[in-house]
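Okay, structure first, notes after.
What follows draws every value from the coordinates through simple rules; no lab data is involved. None of the values given here were measured: they were computed from a predicted structure. Virtual Cβ from ideal backbone geometry, glycine too; neighbours counted across all protein chains shown.
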Amino acid sequence: MSSAWQDSPPADDYTVDELMISVLASTLSDGDQACNGMASFLPVAAFMLAQRTHAPNLVWLAGAAGLSPRPAKVPASTLEAPLWRDSVMYVEQYGDFWTYALNGRWLEKFCVGAAQLDRYGNANNSVIGDFHAPKVRLPGTAGLGDMGSIGKRLYFWNPNHSPRSLVPKVDFVSCAGYLGGGDERARLGLEGGPELVITNLAVLDFEPESKHMRIRSVHPGVTVEQVQEATGFELLLPDGEVPETPRPTQEQVRLIREEIDPDGMRKREFRR
Amino acid sequence: MTDKVRSLEEAAALVSDGDVVALQNMATQAAPMALVRELIRQGRRGLGLVCLVGGMAVDWLAAAGAIDRFIGAAVTMEQFGLCQQYRRGVEAGRIRVEELSETALNARLGAGARNLPFLPTRGLIGTDLIDINDNLVVIDDPFGGPPVVACRALVPDVALVHAHRADRNGNVQVEPTILWPDIGIMPKAARRVVVTVEEIVDEEVLRRNPDRTILPGFAVDAVVEVPYGAHPTSFHPYYGYDAHMHREWARAATDDAAAAEFLDRYVRKPASQTEYLDAVGGADAILRTVSWETA
């Protein structure tokens, strides 16, 4: 664990992936349990950063397979063995992982990547178009279809904020958000739900009454208008002036570049 | 004791046209690829695949026209991208998809394994995945709690898995342990079970570490020795995924003719595992793929 992170000033030299990692890391508390799925470079880097700074007791279940691993750095796959090297325990998916996830006492937060996300935080990784005759067949829901319905607090990350990925209504709900908004989710007996959406332009949250997506902060150098233009529906605004997303600190940037992800895997998620 | 050792040809013959086939495969990990190649060589048709997360195996079978339905949670080669031949098959209406969340697939297989009509899950409530699927029904909790989703039992005709070692009686060991439901529950749910292994060993070897034996011989119909049988997927801790071949396939799969050519070269032409290993650069090259951390 680094001690320099607390006093480190905001960085001038940083990239948006590093900013997104620092925001994701800030959502984790010391003592949380976190797990990651496939192609999750930003969450994995955020877990590794949180452990090295404010959350040394964050327990990480890597790839939902290896407990408290010691990967040398972010590897090319966030599901394969190099991620879970030197684990203290292997966790079996069928009986173990889903038992811990479903139980309710552990793994309270989950990071979600989604092809489409709508104004009420419903996510789609299944199809574009009709389910039975899709225009595009996407990979599939995997564990998200569960995570949206079992009380988890969901943190979405989206490296390519656009009207195609942030849509008024998803073509297909493969992960339950706030459904039609308001109390519709609560009426089904579902706890938890979407908390934040962290994109390459802004941090978004959900207005408590309507459950409609709202701007929480815009990244340095980005305007509210740019965020709105890149979104497929009208975003709510917070009361007062829209805050600026805090920049990562110099020490956070150093840790990401030198220790956590020297190979730059985190950049793979961004459209070039 | 019954000798369960079979050739790849004999074992693949336990899969019939039209069967529902539970296939081990976690994205780029641990698929019984030698069996997959043999099924393609034998020209199997009309298969339904069951995978937690299917990868290249699903795409090869889709390219060969061997499958017409998929039951599972996802199909992807993770950092190597979507499975394009599978995707085209679905978009063209040749492959029907029953998409399940992970707990729903686990529940369907768990019910099949235990001879139950269904098992419930709390996942999926509120999603559209329930509406498109006759095998999922929201039911009231008989004890008064919130509703749950009943997931109908799934009994695949055959399970195909790859493991580290087995004895001639079909007792199967993995090392280090069971990670995915593929080998944990699929073989228990399926009517027939075919296991390829890196090596067939004397029973005495299993007796040294019985805690690593995860399938009893009585539940296994055929066991086949196929060194590097999961290549080009990874097989922890023996070898990593073949990044070069995944990329080569990902490129070929975007074009039907290139995909067919790829299958001719690596699947149809090599008549044995030895010839296949020669075609992909030899066993030494596979062992060198431990550089997979950055590939």
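Return the equivalent ellipsoid semi-axes of segment B:27-71 as a descending list in whole Å, where each equals the square root of 5 times an eigenvalue of the C-alpha gyration tensor.
Semi-axis lengths for segment B:27-71 are 16, 13, 8 Å.
Using only atoms on other chains, find how many Cβ atoms lie within 10 Å of each Cβ of peptide A:146-152 and report the average. The partial results should precede the final answer.
Details: counts 13, 4, 6, 10, 7, 1, 0.
Taking all residues of A:146-152 together, the mean is 6.
If amide H atoms are built 1.01 Å from N in the plane of the peptide, which residues on other chains or at least 5 residues away come under 5 Å of the amide H of residue B:192?
The answer is B:158, B:159.
Just from the alpha-carbon atoms, what are the Rg and Dmax of segment A:16-266 in angstroms?
Rg and Dmax of segment A:16-266, Cα atoms, are 17.6, 50 Å.
State, as an integer percentage, the relative contact order of segment A:16-266 based on alpha-carbon contacts under 8 Å between residues 6 or more apart.
About 18 percent, as a whole number.
When the scattering of the protein assembly as shown is computed by the Debye formula from its Cα atoms alone, each counted once and equally, what is log10 I(q)/I(0) at q = 0.11, 0.12, 0.13 Å⁻¹?
The calculated log intensity ratios at q = 0.11, 0.12, 0.13 Å⁻¹ are -1.00, -1.18, -1.37.
With no solvent and one point per C-alpha, what does the Debye sum give as log10 I(q)/I(0) for segment B:245-292 at q = 0.24 Å⁻¹?
With no solvent term, the Cα-only Debye profile gives -0.92.
Take peptides A:6-12, A:161-167, B:133-139 and line them up by average Cβ neighbours within 10 Å, highest first, as a rough protection proxy.
Those peptides, ordered most packed to least, come out A:161-167, B:133-139, A:6-12.
Which of the residue pairs A:135/A:211; A:135/A:267; A:152/A:211; A:152/A:267 have a Cα-Cα distance greater than 19 Å in the structure shown?
A:135/A:211; A:135/A:267; A:152/A:267
List, in order, the whole-Hz ³J(HN,Hα) value for each residue of segment A:174-181 obtained from phi through the Karplus relation with A = 6.51, B = -1.76, C = 1.60 and θ = phi - 60°; use x for Gly and Pro.
9, 8, 6, x, 8, 6, x, x
Any chance you could tell me what percent of the C-alpha pair distances in chain B go past 27 Å?
It works out to 39 percent of all Cα pairs.
Sketch the reach of a paramagnetic label on residue B:135 as a point 7 Å from Cα along Cα-to-Cβ, and name the residues of segment B:70-106 whose backbone nitrogen lies under 16 Å away.
Zone members listed by number: B:70-75, B:95-106.
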